[in-house]
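Here's the structure, in structure tokens; my notes come after.
The values are calculated or read from the model by the stated rules, or taken from the named source; none is laboratory data. Fair warning: this is a prediction, and the values are worked out from it, not measured in the lab. All Cβ positions, glycine included, derive from the backbone under ideal geometry; neighbour counts span all protein chains shown. Heavy atoms of the whole protein, side chains included, go into the accessibility calculation; ligands, DNA and RNA do not. Shrake-Rupley method; radii C 1.70, N 1.55, O 1.52, S 1.80 Å.
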Amino acid sequence: MNTIQVLMPLLVLFTSLLAAPIIFLLPDESRTARTIINLSAAIIKLVLVSGMFLGVYLGVDFEISFAVVGDLCFILRADALGLMFAGLSSLLWLFTTIYAVGYLEDSSNRSRFFGFFSICVASTLGIALAGNLFTFILFYELLTLSTYPLVVHRGTPEVLAAGNRYLQYTLTGGAVLLLGIVALHALAGDPAFGDRARLAALPETARPHLMVIFALLIAGLAVKSAMVPFHGWLPVAMVAPAPVSALLHAVAVVKAGAFGIIRVVHDVYGLDFAHFMGLLYPLTIAAAVTILYGSARALTQMSIKRRLAFSTVSQVSYIIIGVSLFHPMGVAAGLVHLIHQGLMKVTLFFCAGNYAQTLGIHGVDELDGTGRRMPLTSVSFTVASLGMIGVPPVAGFITKWYLGMGAAGAGTYWVILVIAISGMLNAAYYLPMLYRIWFKERRGDWPDETTFAPLETSAWLLYPTIATALFSCAAGLLAGLPFSPARWAAEIAIGEFLP
Amino acid sequence: MTNDPRLLAALPIMLSAMWALLTLLRIPKGFLSLAPAIVSQSAAAYLLGAYVHSNGTIRIDLSAIGMPAGAMLRIDGLSVLLLSATTLIVSACAFYSLGYFHLHRLQQTRTLAREKHFWPLLAILWGALSLLWMSHDFLTTYVALEALGLSAAAMMVLSDRPAATTAGLRYLFYMLLGSLCFLLGTGICYGVYAEINLELLARSARPGGAHFIAMSLMSAGLMLKAAIFPLHSWLPDAHSNAWTPVSAVHAALVVKGSFFVFAKLWVALSPEMEAAAHFIGWAGSAAIVWGGLMAFRKQHIKQIVAYSTISQLGYLLLFVPLSMDAGERSAQLAWQGVWLLFFSHAFAKAALFLAVDNLVSTVGRTDLEGLSGVDCYLPLSILSFGIASVSIIGLPVSGGFTAKWLLLHSALLSGQWQWVLVLTIGTLLGAAYIFRVFKYTLASGLRTDCNFNMPVSKEIVALSLALAAVLLGMFPGWPLALLGTGLDTVAP
């Protein structure tokens, strides 16, 4: 290995990790300097991650590892699966940073906010590139720590209470996960991701232990991925500023949980072994329950962000149900939804933020006639909503198509029914919003209007929204091209089944 | 000169004595006095470390200089680590004190009048600690513990607050009581084995009634000195009222000195004492939970930090049951875990005390509500507090995390599930009381009443100590390699 191959994962991590202390130390007023540092770090990171994509595509390894103590190793490695997540987070970090600069323009404590924002993205990258469970949990907990100040950014009593709830859930989940990881370590040494033969090779007497450990790992991770009954923190945490919600829901926290579940199922236990042990079916059921529960709860929410939050609860479990189906198409669906849900959900939260920041709209029933006042935001909102429902050609359709094929292939036909019902529920809570936006007339003034003529809202807020909406469409339309998320996911999934 | 181990071993103590003398005469003052002390002590620690690294454990027979037979100094990897950590932490706190006194000078408090007593006492404390880390027989250990306790008690009453005097005297009383218990125990031990050297005792120790009573007395005395639950009552008041650098050194090193002796005793003299070992484990668990709960209830931030010490000391005791009735590997993991926790707690707790003082002296209040919005003004101190508390809670990346990983691993390997539960609950309690502090500092609030004369050195020192605790978690390989195994520590 040459130096570049060793340094690359570290460089990717440190671009945002080193940006953090610089941003912390900048005075709140120096907005230009902070924005320049933020954006250049985001762009450098995107370029580096793209470079790694190309490298991995050409068969180059990027890896750094050293022993921390005994046989316990710190490993950062770029593999195809990790890069998917890394790509998502570095792309969306760029857009979210731009958006956040516009959104938080006149709030206080901006240096603190952007500092933790950078640490948060660094931990997401660490999670993506982690090469074993030990490295994974280092960044997984760092993510909890760095998102807490973001969630409680406004510092009001309501927000602080939500922050408490957030910590109670995530730290307890983290403790359970740690227990599972240490137990696995005590039983089987240090299983690197992809070293699937190791657990299967253990003597049969270890099987019951492996089942308990699987339950511990999944329960710990399910807290962050907001699976029922561990989802309670997510709807509460939507009191955070819109860019934070976008980050939490689309890239960072829930995705870290879902990504961890993929790693455990796919790279630690291995699908074959997990299926053989009968561990996948309970996971399918848990994910199905979450999908239906989240969609049903979203129906009755009258705050836009709360409705979106319950929608996240439901959508993230699409990833998990996909991976738990013992079929390549199911795995592909799960992996690709990691990206697709991120793109669409970030768009939806951006739009919700635009409505709130420009017109003072927070409730679903205030949306009447916003289509005329803010056409571009509303088009983006529509695109992303249709994607969530599963209308072609937006990205969400690809997921549901793959998922259906996977369920049929694996012979678990009831999953198709679950997806169909969930799709109808999705339509039932997204379409009324679209109806209000486009077809209902506005009566009276907006609750709290700010004008940004000639644009409908601030350019900092508008362009990232449009960009992510375009990406959601592109991911669906161009699903057949070599570097599209769908194609990349399918290749990982097929590689798993055809060694 | 560097070839004579006797000289090398005497060096840290002689340097401390010289510095004590110079500070008594007050030539030179301030930084000019401190810098040579720090440099020479670091050099001494380095030379000792290099010697031990290449030649192995140093043993020095003290009977040659008129002490009774069996008295000896023993410098192994653990002693070297402890000496290095002491040099780092005492130097950092001494350097911090310069800024601390400077700030008090600006505010014209009465603290100044007693500053002149601080430096000689610190020098004596430093020497006593060095002696303790090298001692390996009951007599030298007792002498070192007494010198340590007396100088520490004297430093505690330096603060002119009435509460500090009361707490300091109370500490003195408990400390003397602890010494008495320890002395009684060693007396019985001597009566049974006619031996004061731990290496020789380890070979001849056999279970029996007198042995049990001796161990109980010595353990109780040391636990009282180390503020182990339920013998901890002197600590919270003492630590929250003394001068901050005093509290920091005390929590980081002085209480741990007694734990060091305690750990050595249990490794050397514990054949077939499983039930007692489990009792110690449960006492530690009670300390973890009680300390955590009390820290969660307190309104004054220094008391929160003090109760956190009680909770953290409880973790250290878990190594007794873990290394007792288990396989070799799990005993080794427990030994490594407990010392890693020892060191990371030392750095993190010192950082916590120093960072808290920065916050408190800026807002002029010690209660949590007074801290709202302080992070805009002291981002570095809040950052230090945050980094240090990550290690205290045991979250990654930190020495506390890696240590807890090792302890968890050891508990799982030896099948002692109860400690797994204790470690998990302790971690969550730690998170609860630490994040309660953050909840207040992150609360929105604009301050106008702050004192903005914070010397930057105070902030830098706190940050460096906190970072040391983090680095220990990422790169524990070097210290753990020096540490060896538990049995090495008493093996002849």
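So which residues in the range A:390-441 are crowded, with 23+ Cβ neighbours inside 10 Å, within 23 Å of the chain's Cα centre (by Cα) and farther than 19 Å from residue A:334 by Cα, if there are any at all?
Those that are crowded, with 23+ Cβ neighbours inside 10 Å, within 23 Å of the chain's Cα centre (by Cα) and farther than 19 Å from residue A:334 by Cα: A:429, A:430.
Could you list, in sequence order, the residues of the range B:377-407 that are at the interface with chain A (Cβ under 8 Å from one of its Cβ atoms) and without any contact (Cβ under 8 Å) to a residue 40 or more places away in the chain?
Hits for the range B:377-407 are B:379, B:395.
Quick check: is even one residue across the range A:81-92 more than 14 Å from chain B (Cβ to nearest Cβ) and either touching a Cys at 6+ places or on another chain (Cβ under 8 Å) or not in a helix (DSSP H, G or I) (or both)?
Checking the range A:81-92: not a single residue is more than 14 Å from chain B (Cβ to nearest Cβ) and either touching a Cys at 6+ places or on another chain (Cβ under 8 Å) or not in a helix (DSSP H, G or I) (or both).
Could you please give the count of residues in the range A:1-24 that are of a type in the set (Ser, Thr, Tyr) and open to solvent by 80 Å² or more (accessible area, probe 1.4 Å)?
Summing the residues that are of a type in the set (Ser, Thr, Tyr) and open to solvent by 80 Å² or more (accessible area, probe 1.4 Å) in the range A:1-24 gives 1.
Does the range A:157-168 contain any residue that is open to solvent by 10 Å² or more (accessible area, probe 1.4 Å), among the charged types (D, E, K, R) and more than 9 Å from chain B (Cβ to nearest Cβ)?
yes
Looking only at the range A:54-64, count how many residues are over 24 Å from the mean Cα position of the chain (by Cα), open to solvent by 40 Å² or more (accessible area, probe 1.4 Å) and not acidic (Asp, Glu).
Residues meeting the conditions: 3.
Please work out if residue A:81 is open to solvent by less than 30 Å² (accessible area, probe 1.4 Å), closer than 30 Å to residue B:405 by Cα and in contact (Cβ under 8 Å) with a residue 40 or more places away in the chain.
yes
So if I check each of A:150, A:143, which one is surrounded by 24 or more Cβ atoms within 10 Å (Cβ to Cβ) and within 22 Å of residue A:81 (Cβ to Cβ)?
A:143
Working only within the range A:132-156, note down all residues that are more than 10 Å from every other protein chain (Cβ to nearest Cβ) and outside any helix (DSSP H, G or I).
Residue satisfying the conditions is A:132 alone.
Which count do you get for residues in the range A:177-194 that are crowded, with 19+ Cβ neighbours inside 10 Å and either within 8 Å of another protein chain (Cβ to nearest Cβ) or assigned to a helix (DSSP H, G or I) (or both)?
Qualifying residue count, the range A:177-194: 10.
Out of A:387, A:342, A:371, A:353, I need the residue that is small (Gly, Ala, Ser), over 23 Å from the mean Cα position of the chain (by Cα) and either under 16 Å from residue A:240 (Cα atoms) or assigned to a helix (DSSP H, G or I) (or both). Which one?
Only one candidate passes the filter, namely A:371.
Could you tell me how many of the residues in the range A:62-78 are touching a residue at least 60 places away in the same chain (Cβ under 8 Å) and either part of a helix (DSSP H, G or I) or within 14 Å of chain B (Cβ to nearest Cβ) (or both)?
Residues in the range A:62-78 being touching a residue at least 60 places away in the same chain (Cβ under 8 Å) and either part of a helix (DSSP H, G or I) or within 14 Å of chain B (Cβ to nearest Cβ) (or both): 8 in total.
Kindly check whether there is at least one residue in the range A:44-53 that is open to solvent by 60 Å² or more (accessible area, probe 1.4 Å), within 14 Å of another protein chain (Cβ to nearest Cβ), farther than 18 Å from residue A:100 by Cα and aliphatic (A, V, I, L, M).
no
Among the residues of the range B:51-66 satisfying the criterion of being over 19 Å from residue B:195 (Cβ atoms) and assigned to a helix (DSSP H, G or I), which is most open to solvent (accessible area, probe 1.4 Å)?
B:53
Of the residues A:246, A:215, A:250, only one is without any contact (Cβ under 8 Å) to a residue 40 or more places away in the chain and in contact with a helix residue (DSSP H, G or I) (Cβ under 9 Å, 6 or more places away or on another chain); which?
A:215
Please indicate, with yes or no, whether at least one residue in the range A:368-382 is among the β-branched types (Val, Ile, Thr), free of Cβ contacts under 8 Å to residues at least 40 places away in the same chain, surrounded by fewer than 23 Cβ atoms within 10 Å (Cβ to Cβ) and over 15 Å from residue A:445 (Cα atoms).
No, the conditions are met nowhere in the range A:368-382.
Looking at the range B:447-464, is at least one residue more than 14 Å from every other protein chain (Cβ to nearest Cβ), over 21 Å from the mean Cα position of the chain (by Cα), modelled with pLDDT of 85 or more and surrounded by fewer than 23 Cβ atoms within 10 Å (Cβ to Cβ)?
Yes, that holds for at least one residue.
Checking residue B:48 against (1) touching a strand residue (DSSP E or B) at 6+ places or on another chain (Cβ under 7 Å); (2) open to solvent by 70 Å² or more (accessible area, probe 1.4 Å), which single condition isn't satisfied?
Unmet for residue B:48, out of (1) touching a strand residue (DSSP E or B) at 6+ places or on another chain (Cβ under 7 Å); (2) open to solvent by 70 Å² or more (accessible area, probe 1.4 Å): (2).
From the list B:411, B:355, B:348, B:432, exactly one residue is open to solvent by 10 Å² or more (accessible area, probe 1.4 Å), of a type in the set (Gly, Ala, Ser) and modelled with pLDDT of 90 or more. Which is it?
The conditions single out B:432.
Taking the condition open to solvent by 10 Å² or more (accessible area, probe 1.4 Å), of a type in the set (D, E, K, R) and closer than 30 Å to residue B:237 by Cα, does residue B:203 pass?
no
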